[in-house]
Amino acid sequence: MIAQNFGRWNPRRTWRTASNVDKVRLYTRQSFIMVAVVFGGFGAVTEIVADRYLSGVFLGISAVACVIAVSRMPDLGGVVAKPVQIPLAVMTLSAFCSAGIALGSNAENGPYFWLAAILVVPLAGLTSLRWLIVGSVAAGVVLGLLAGPESGVSVGIVAAFMGLTVYMSVWLLRMVTELDEARGAAAALSVAEERLRFSRDLHDVVGRALSAIAVKSELAATLSRRGDDRAAAQMDEVRELAQDSLDEARELVRGYRSIALASELAGAQSLLEAAGISTAIRGSADQLPVELAEAAAWVVREGVTNILRHSSAENCSIEVSADGVVIANDGARIAEPNNGTGLNGLRERVGAVGGTVETVQDEDRFTLTAHFPSRTKESR
C-alpha cells in the first residue's frame, strides 16, 4: 500500500490521499532527501568555486547515492525494494575521494561539513545511537589531525547532531508504525469478538426455536395419528413459533434484540409442559433488577433448550430470586466432556454483568445455577 501511495512523484496528490502513518513516512523520507540535495548542492558549488571541480563532482555523486539509499531503506521511509549496499558503497567511496582531493590540495575549508551531513543520514538508519556517537567522535578526531582542529570540531558536531536527528526520526517512525499496527489488530479483534457474539446469539435463538418446533411437531404428529383435533392447534403453534423465530433472527441481524424474563418464564412453562415435562416456577421477573433481568432471561432460555435436547426429564423446576436463577430437572443423560457452545455463551452473557454460571449433575438430576451480584433493585 505504501509503495502504491508514494511510488509516483506527485507530492500534492500523495499527501492528500495518504493515511496519517504514510504521511509521517513521506515526511521522514522527503526530509532526508532534502538534506542530501541541499547539502550536496551547496557543497558542490563551494568546491567548484574553490577550483576543486573533481571534488565537487564526487560530492555530488555522494549526494545522489545518499538519495538512492534513503529511497531504499524502510527505516527512513523508503519504498523501493532493492538492495541498499551498492548506493551506500558508492556514497562512501565518493565521499572519501572528495575529502582526499581537498586534503591533497592542503585546503583548510574543504567539503568536510557537507560530507558529514550527507554520510550520516543513511548510516544512522543502520546502526545504534552508541555507534553513531563513537563514529562522530572518531571522524572529528581523524579530520582534526589531518585538516586542523577547527575542521575536526565542526565535523564532529555536525555528524553527532545529524546522527541524533536521524536516529530520533527513525524511532518516531517505528513507534507510529507499531501504533498503527496495534490499532489494526484491535479492529480485527473487535470484528472477531462481534462474530463470536453473533454466533452465540444465533445459536441461542435458532437452537431454542428448533427445539420448540421439534417438540410441537412431534406432539402434533402423535395427536394426528390418534385422530385428535388438537393436532391442528399444535401445528398453528408451530407456525407461530417459526414466525416468532424469524422475527427474532431479523432483530438479531439488526442488533436491536432483547428478551424479557417474564415472557421467557411463561414460554418455558408452556413449552416444557407441551413436551410432557411437569414444570414448577417459583419467583417472578420482578425480583431481579432491570440490568440483570435480560441475562436471567437468557439463562432460562438456554436451560430449557438443554432440557429438551439433552434429557428425558419428567419434572423440572425454575426458581428466580434476587440472587439468581436455578433450573433443575431429572432424567439427565451422562455429561459430555465438552459443555457445548450454549453453556459457554451463557457464561459469557452472565459474566458480562458480573455473575457466574455453575452446573451440577447428581446421577440423573441436573442443576443449572446462575449467580448474580447484589445490585440496587428496580422494578422490571
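The values are calculated or read from the model by the stated rules, or taken from the named source; none is laboratory data. Everything numeric here is computed off the predicted structure, so don't read it as measured data. Quick reminder, even Gly has a Cβ in these numbers, built from the backbone with ideal geometry, and neighbours come from all protein chains shown. What goes into the accessible areas is simple: the full protein's heavy atoms, side chains included, and nothing from ligands, DNA or RNA. Shrake-Rupley method; radii C 1.70, N 1.55, O 1.52, S 1.80 Å.
Contact map, segment 200-223: residues that are over 18 Å from G345 (Cβ atoms) and in contact (Cβ under 8 Å) with a residue 40 or more places away in the chain paired with residues that are in a helix (DSSP H, G or I) and of a type in the set (S, T, N, Q), Cβ distance under 8 Å, separation 6+ or inter-chain. Pairs shown: K216/Q234; L219/Q234.
Determine whether S154 is open to solvent by less than 70 Å² (accessible area, probe 1.4 Å) and at pLDDT below 80.
Working: open to solvent by less than 70 Å² (accessible area, probe 1.4 Å): yes; at pLDDT below 80: yes.
Criteria met by S154.
Residues in segment 200-218 that are open to solvent by 50 Å² or more (accessible area, probe 1.4 Å) and either closer than 19 Å to V300 by Cα or in contact with a helix residue (DSSP H, G or I) (Cβ under 7 Å, 6 or more places away or on another chain) (or both): L202, H203, V206, L210, A214. Residue count for segment 47-85, restricted to those that are within 30 Å of M175 (Cβ to Cβ), of a type outside the set (S, T, N, Q) and in a helix (DSSP H, G or I): 11.
For residues that are touching a residue at least 24 places away in the same chain (Cβ under 8 Å), out of contact with any strand residue (DSSP E or B) (no Cβ under 8 Å at 6 or more places or on another chain) and outside any helix (DSSP H, G or I), tally how many sit in segment 272-316. Total satisfying the criteria: 3. Reported count of residues in segment 71-85, each being more than 29 Å from the chain's Cα centre (by Cα), at pLDDT 80 or above and open to solvent by 40 Å² or more (accessible area, probe 1.4 Å), is 2. From the list A297, A293, A233, which residue is surrounded by fewer than 18 Cβ atoms within 10 Å (Cβ to Cβ) and modelled with pLDDT of 80 or more? Selected residue: A233, the only one of A297, A293, A233 that is surrounded by fewer than 18 Cβ atoms within 10 Å (Cβ to Cβ) and modelled with pLDDT of 80 or more.
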